[in-house]
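Q: Please see the structure below; I have some questions.
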Amino acid sequence: MTEDKKVEISNETMEDAMNSVQEVSVGDIVKGEVLAVEDKQVVVGIEGAGVEGVVPAKELSTTQVEDINELVSVGDILDLVVITSIGKDKENGSYLLSKRRLDAKKVWEEIEADFKAGKIIEAPVTNVVKGGLVVDVGVRGFVPASMVEDHFVADFSEYKGQTLTFKIIEIEPSENRLILSHKAVVAAEKNSKKKDILATLHDGDIVDGKVARLTDFGAFIDLGGIDGLVHVSEIAHQHVGKPSDVLTVGDDVKVKILSINPDEERVSLSIKETLAGPWEDIENKAAVGSVLDGTVKRLTSFGAFVEVFPGVEGLVHISQISHKHIATPHEVLQEGDAIQVKVLEVNPDEHRIALSIKALEAKPESQEEPKDVQEYELPEENTGFTMGDILGDALKAQDSDSE
């Protein structure tokens, strides 16, 4: 081959090589081979361009790492996006590249797809800030404090490092805005669980539960995923002023299901229906003739109602309160008085007990009889005199004697 021919082939090869060099522009997505890993950056050769570029450490990953050797090694091929040119000679100059931004773009696309599909995503909590949680889903996500749980949380510090599930509430890639909610996931799970639990419950069932909340009007009982209400009147057979007087949050209790409203997801419960009735075996507990301790609960014009057992009241009729004549029970008794009573009669079927106070007191000695008043008897035969005539003559006789 002649020298001229060799030069011609060489020129063609160089021309082909020059023509094959890819022009690099800002925004281009390129492949780069890692040539060197330095402390704060990675040097790469841009395939097809014949030039080198650098990837700063902060542009390597969406997550912060202390040692970039954990992310890349020499020889790795990376997908990169061109951020800007940093050389005067564009043909031989270097370019600033980013892997993080390209990864983030892909993440945003995936998140948008998940958002449209209504999918639940999972991500670790990386930080706790004022107003909520910061999570890493490949990009930064934010969970407002009001969207963390379905109940009040005073301290969010324990959430840092936890991996939670989230519903995507709002997404705006151009502003790097991603709002997430864990509360929505919890609520959806609870609603699903409620339906499953409601399907297993029936009126009249006796089930185990735990006191979840106390209010003035009753107690909410957790039945394992759905709360039922025990009205204050259904807590005990005896009167309960406030549920907190007899129950504490966290108490394990047995309850009877009174009614279920599946549409409103309401369950009415009773604790007292699972307890022995106060009138059970009352004939033995309050046998006729026995003496019991009691408390005056109510006073009426006809007597006093006395509680002798929790939930069991008997009546002391006004005639059985005192040997002395009294016009009203209030003369000798007050509500709240602790007294002793004797059982006169028991009627279990009608839930009635007749009691007496005076039966336990000594009967006072009889008072002196009043002096005789002069009595007048009508004649057996009809004399024709009226009562007025008879009394009038008698009065005249008394007057003449006194003179």
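The values are calculated or read from the model by the stated rules, or taken from the named source; none is laboratory data. Since we're looking at a predicted model, the values are computed, not measured. Backbone-built Cβ (ideal geometry, glycine too); neighbour counts: all protein chains shown. SASA here: full protein model, heavy atoms, side chains in, ligands and nucleic acids out. Shrake-Rupley method; radii C 1.70, N 1.55, O 1.52, S 1.80 Å.
Q: Only loop residues by DSSP count here, and only those with at most 15 other Cβ atoms within 10 Å; note down the chymotrypsin sites (Phe, Trp or Tyr not before Pro) in the stretch 246-352 that meet that.
A: Numbers: sites: 279, 302, 305; in loops: 279, 302.
The qualifying sites are 302.
Q: Which order do 60, 96 take when ranked by solvent-accessible area (1.4 Å probe, heavy atoms of all protein chains), largest first?
A: The most accessible residue leads, giving 96, 60.
Q: Taking the solvent-accessible surface of protein heavy atoms with a 1.4 Å probe, what is the per residue accessible area of the stretch 76-225 in Å²? Let's see the in-between values first.
A: Values: 8600 Å² over 150 residues.
Value returned for the stretch 76-225: 57 Å² of accessible area per residue.
Q: Right, next: Just flag the trypsin sites (Lys or Arg not before Pro) in the stretch 88-187 sitting in loop per DSSP whose Cβ has no more than 16 other Cβ atoms within 10 Å. Each step should come with its number before you reach the end.
A: Numbers: sites: 88, 90, 99, 100, 101, 105, 106, 116, 119, 130, 140, 160, 167, 177, 183; in loops: 88, 90, 99, 119, 130, 160.
Loop-located and lightly packed - 88, 90, 119, 130, 160.
Q: Quick one: if you stick a label point 7 Å off each Cα along the C-beta vector at residue 115 and residue 276, how many nm between them?
A: A separation of 6.5 nm, rounded to one decimal place.
Q: Relative contact order, percent, of the stretch 118-187 when contacts are C-alpha pairs under 8 Å separated by at least 6 residues?
A: Values: 142 pairs, mean separation 25.3, N = 70.
36 percent.
Q: Suppose we look only past 15 Å in the calculated P(r) of the stretch 219-292. What percent of the Cα-Cα pairs does that tail hold? Numbers along the way, then the final one.
A: Values: 1641 of 2701 pairs.
Summing the P(r) tail past 15 Å for the stretch 219-292 gives 61 percent.
Q: While we're on this one: Any of 106/190; 116/167; 183/242; 58/106; 254/285 with alpha carbons more than 23 Å apart? Name them for me. All intermediate terms of the calculation are to be shown ahead of the outcome.
A: Numbers: 106/190 33 Å; 116/167 11 Å; 183/242 32 Å; 58/106 18 Å; 254/285 26 Å.
Listed pairs above 23 Å: 106/190; 183/242; 254/285.
Q: What ³J(HN,Hα) values, in whole Hz, does the Karplus curve 6.51 cos²θ - 1.76 cosθ + 1.60 give for the stretch 73-84 when θ = phi - 60°, with x put for Gly and Pro?
A: Rounded to whole hertz, the list is 9, 4, x, 5, 9, 10, 8, 9, 10, 7, 8, 6.
Q: If you don't mind, there's one more thing I want to ask. Can you list which of the GluC sites (Glu not before Pro) found in the stretch 30-64 are DSSP loop residues with at most 16 other C-beta atoms within 10 Å? Kindly include the intermediate steps, with their values, before the conclusion.
A: Details: sites: 33, 38, 47, 52, 59; in loops: 38, 47.
When the GluC sites (Glu not before Pro) of the stretch 30-64 are filtered for loop state and at most 16 Cβ neighbours within 10 Å, 38, 47 remain.
Q: At 1.4 Å probe size, put 330, 323 in order of accessible surface, largest to smallest.
A: On the way: 330 110, 323 70 Å².
Sorted by accessible area, descending: 330, 323.
Q: Net charge around residue 252, counting only other residues with Cβ within less than 14 Å of its Cβ (Lys, Arg = +1; Asp, Glu = -1)?
A: Values: positive: 210, 254; negative: 208, 222, 251.
That sum, taken over residues with Cβ under 14 Å, equals -1.
Q: Okay, moving on. For the pair residue 38/residue 205, report the inter-label distance in nm, with labels modelled 7 Å from Cα in the Cβ direction.
A: 7.0 nm
Q: Okay, next question. If you rank 288, 81, 312 by how much accessible surface each has, with a 1.4 Å probe, what is the order from largest down? Intermediate results must be reported in sequence, preceding the final value.
A: Details: 288 100, 81 25, 312 0 Å².
The ranking, largest first, comes out as 288, 81, 312.
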